[in-house]
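See below for the structure under consideration.
Read-outs: derived from the displayed coordinates by stated rules, not from any lab. This one's a predicted model, so the numbers in the text were calculated from it and none came from an experiment. Note: ideal-geometry Cβ built from the backbone for every residue, glycine included; neighbour counts use all protein chains shown.
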Amino acid sequence: MSYPYQIRSQEEYKAAYEKSIKDPEGFWASVASSFLWRKRWERVLEWNFEQPDVKWFKGAKLNITENCLDRHLGTLGNKPAIIWEPNDPEEHHRMITYRDLHHKVCQFANVLKNNGVKKGDRVCIYMGMVPELAIAVLACARIGAIHSVIFGGFSAQSIADRLKDAQALTVITCDGAYRGNKEIPLKSVIDDALVQCPFVNKVIVLTRTHTPVSMLKGRDVWWDDEIRKIETLGLNDCPAEEMDAEDPLFILYTSGSTGKPKGVVHTCGGYMVYTTYSFVNVFQYTPGDIHFCTADIGWITGHSYILYGPLGAGATTLMFEGVPTWPDAGRFWQIVDEYKVNILYTAPTAIRSLMGYGLGPVNAHNLGSLKVLGSVGEPINEEAWQWLNENIGKGKCPIVDTWWQTETGGIMISNMAGVTPAKPSYATLPLPGIDPILVDDAGKLIEGNDVSGNLCIRHPWPSIIRTTYGDHERCRTNYFATYPNLYFTGDGCYRDANGNYRITGRVDDVLNVSGHRIGTAEVENAINMHAGVIESAVVGYPHDIKGQGIYAYVVFANTHGNENLSRQDIMQTVSRIIGPIAKPDKIQFVSGLPKTRSGKIMRRILRKIAENEFEAIGDTSTLLDPLVVDDIIKHKI
Ligand code: WT7
């Protein structure tokens with residue numbers, strides 16, 4: 001496989017970038033010609049950001065799985081598509097060739113059909129990081145069903161909310177999942193969620209942990225039994241459904257500044273082109289390389305850079321079920337050594353946590369196969385960058401700092417490994433086709449260099465969010481209404497003297513905890529569900545490992561009892577309502593919250609207190625009750 005659109009030098013980057021801005025349609029038409037289409041597009045792009053209404057490759061017909069699987073069979077049929085490393089290093093790994101993967105996807109696609117799933121239906125997937133998760137995702141895409149993958153750390157309530165929002169009638173899950181020394185009872189969580197979702201009529205359950213489960217007659221079926229039925233029927237092939245370029249491919253829920261997560265919708269054509277294009281260029285993938293992205297498929301990073309991007313490029317993608325610190329903190333390095341990994345794409349939070357274990361676990365393994373390192377999810381601090389560079393890359397692996405979002409579908413701002421220069425803690429330059437700008441709070445364009453502002457994008461790229469599922473207006477107000485005719489990212493950003501971009505973090509009420517997005521309003525809603533809570537306010541504060549920690553100020557009805565127990569109770573409530581990832585790191589019981597006379601909570605003050613920046617609080621005399629602030633500071637934890 002060769003990639004005619006691969007950029008190989010700084011000059012080529014400059015030329016591609018210029019062409020992409022001057023003639024975006026010509027540029028993307030040329031990239032898209034390297035893909036497999038059943039029918040070519042009538043128009044490359046039609047768009048307006050007012051509604052918004054964006055159509056890439058209008059009229060084109062395709063199936064993304066033909067690009068990710070079928071078209072590689074002739075040349076790469078016997079090459080590994082997926083290498084799967086289990087949680088427990090003692091268990092056998094699995095190598096799945098392109099031919100095997102194609103076969104398994106077809107079989108399971110037939111299972112879905114046999115169970116009544118049709119094009120356009122929503123299918124919820126709640127599984128651990130097993131190869132069958134990849135198979136389930138691709139099988140949905142094969143028949144044109146819209147997948148909605150939910151991360152295994154979300155609670156029954158979060159699943160129920162997502163199932164209802166998407167009106168998903170089918171769920172695919174596992175009996176349980178392994179994560180380090182823990183076993184998570186996925187099917188039992190699904191059972192709790194389904195109490196609220198009587199419309200779900202089919203649950204397909206894969207055996208992974210042999211955790212006992214209860215199977216509901218008529219609704220719940222076993223993955224293996226269903227595959228056997230398909231084998232008996234001799235239904236081995238499954239022709240790919242012909243999809244329109246703008247048919248939805250998947251929904252992925254993400255948090256925003258309101259209480260309710262939104263279902264980000266990506267479509268078939270543009271997403272396929274952009275994820276593969278960015279994968280090849282940012283990581284400078286060379287056929288034969290082993291690519292290891294440590295994310296979970298439950299997040300966009302896993303969708304785009306474990307599955308669709310790499311498979312679109314005919315790459316070998318390594319899928320890891322476990323966690324970085326179990327059985328010991330050398331787990332990543334052992335995997336790199338064992339499979340001779342060439343590209344390692346991970347998150348700053350993982351690096352920072354591994355740094356704490358010293359160099360012992362690193363030096364026990366040979367990391368000589370590594371060529372490229374990547375970072376994603378949050379700003380990477382200089383210390384973590386240097387540690388990665390010296391101890392993992394041994395000073396010879398370019399590090400790509402990739403900035404993007406669930407809504408952008410693929411990497412937007414990043415250096416290209418070994419092609420454009422890196423600068424620690426900078427995402428650096430936009431990819432071809434990406435037109436970032438900075439605006440002030442009034443929406444005025446900030447020109448020139450050495451400036452800061454709100455990061456917006458001026459022109460659509462192929463994998464831009466199309467809508468928020470079931471509520472297009474929400475998509476408009478969230479992303480396209482703050483600044484007219486611009487896509488607003490929600491991030492603050494600095495542009496240095498040379499035009500390099502450095503993301504400084506969210507400017508809205510969204511937290512980034514260990515690279516995961518969590519809305520403060522969502523956490524507050526969950527805290528407020530606790531019977532003893534009168535009111536709460538949640539802010540972020542700098543956390544050594546997680547990047548941001550969650551600080552909750554809670555007005556509690558009864559603090560006479562045991563405060564620690566009450567804290568535990570509140571944590572439990574958040575865990576039950578959202579999931580363990582949203583548990584506050586600190587809970588401070590307060591007598592009241594700082595409010596303006598009109599009743600608005602002054603989060604800025606609460607943030608400063610959580611950050612221990614008491615001098616920066618400023619004038620509090622206009623508050624409803626200024627004494628509340630002194631009291632909060634006095635009892636700060
Ligand atoms: C937010 C998006 C994109 C996949 C993972 C997270 C932050 C992401 C970087 C980076 C600085 C980053 C931004 C962004 N972010 N990558 N390289 N440098 N910040 O996806 O959950 O949609 O979160 O993550 O704040 O808006 P997500």
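Couple of notes before you dig in:
- Amide H contacts under 5 Å for N415, placed H, 5+ residues apart: D401, L429
- Distance between region 1-78 and region 531-588 - C-alpha centres, whole angstrom: 46 Å
- Note on K636: aspartates and glutamates with a C-alpha under 16 Å away, same-chain residues under 8 apart excluded, are E563, D585, E611, E613, E615.
- Cβ-isolated cysteines (cut-off 4.7 Å), the chain: C68, C124, C140, C174, C197, C268, C293, C397, C456, C475, C493
- Extending 7 Å from the Cα toward the beta-carbon at both T620 and K22 defines two label points whose distance is 5.9 nm.
- Here's how it looks for D296: its modeled amide H is under 5 Å from those of G302, which are all 5 or more places away or on a different chain.
- The calculated FRET efficiency for M1 paired with Y357, based on their beta-carbon distance and R0 = 35 Å, is about 0.35.
- Within region 65-102, GluC sites (Glu not before Pro) in DSSP loop having at most 12 other beta-carbon neighbours inside 10 Å: E90, E91
- Mean residue ellipticity (222 nm) of the chain, computed from DSSP H runs ≥ 4 via -39,500 (n - 2.57), nearest 500: -8000 deg cm²/dmol
- By the rule of a C-alpha distance below 22 Å, with chain neighbours fewer than 8 residues away ignored, the lysines paired with K55 are K19, K22, K39, K119, K262.
- Centre separation in Å (Cα based) which lies between region 602-623 and region 232-306: 42 Å
- Nearest-0.05 FRET efficiency for L445 and Q51, computed from C-beta distance (R0 25 Å): 0.65
- Cα-based shape type of region 510-634, given that a ≥ b ≥ c are square roots of the gyration tensor eigenvalues and the cut on a/c is 1.5: oblate
- Neighbour counting of Cβ atoms within 10 Å sorts the residues T325, T170, T301, fewest neighbours leading, into T325, T170, T301.
- Most to least packed among 614-624, 527-537 [average Cβ atoms within 10 Å]: 527-537, 614-624
- For S2, S353, the sequence from fewest to most other C-beta atoms within 10 Å is S2, S353.
- 22 Å Cα-Cα reach of K79 towards lysines, excluding residues that sit fewer than 8 places from it in its own chain: K104, K340, K371
- Relative exposure of E378, E241, E42, E611, judged by other C-beta atoms within 10 Å (fewest first): E42, E611, E241, E378
- Across region 122-241, C-alpha contacts under 8 Å between residues 6 or more apart give a mean separation that, scaled by the residue count, equals a relative contact order of 26 percent.
- Once the Kirkwood radius over Cα pairs is known for the chain, the Stokes-Einstein relation at 25 °C and 0.890 mPa s delivers a diffusion coefficient of 97 µm²/s.
- Multiplying the residue separation of Q334 and F199 by 0.36 nm and subtracting their alpha-carbon distance yields 44.1 nm.
- Histogrammed with a bin width of 10 Å, the alpha carbon distances of region 156-208 distribute as 26, 52, 20, 2 percent, first bin at zero.
- Extension reserve of the K39-T477 stretch, reckoned as 0.36 nm per residue once the Cα distance is removed: 154.3 nm
- The chain - share of DSSP beta bridges that are antiparallel (%, nearest 5): 60 percent
- Label sites at E613 and R458, each approximated as a point 7 angstrom past Cα along Cα to Cβ, lie 3.1 nm apart.
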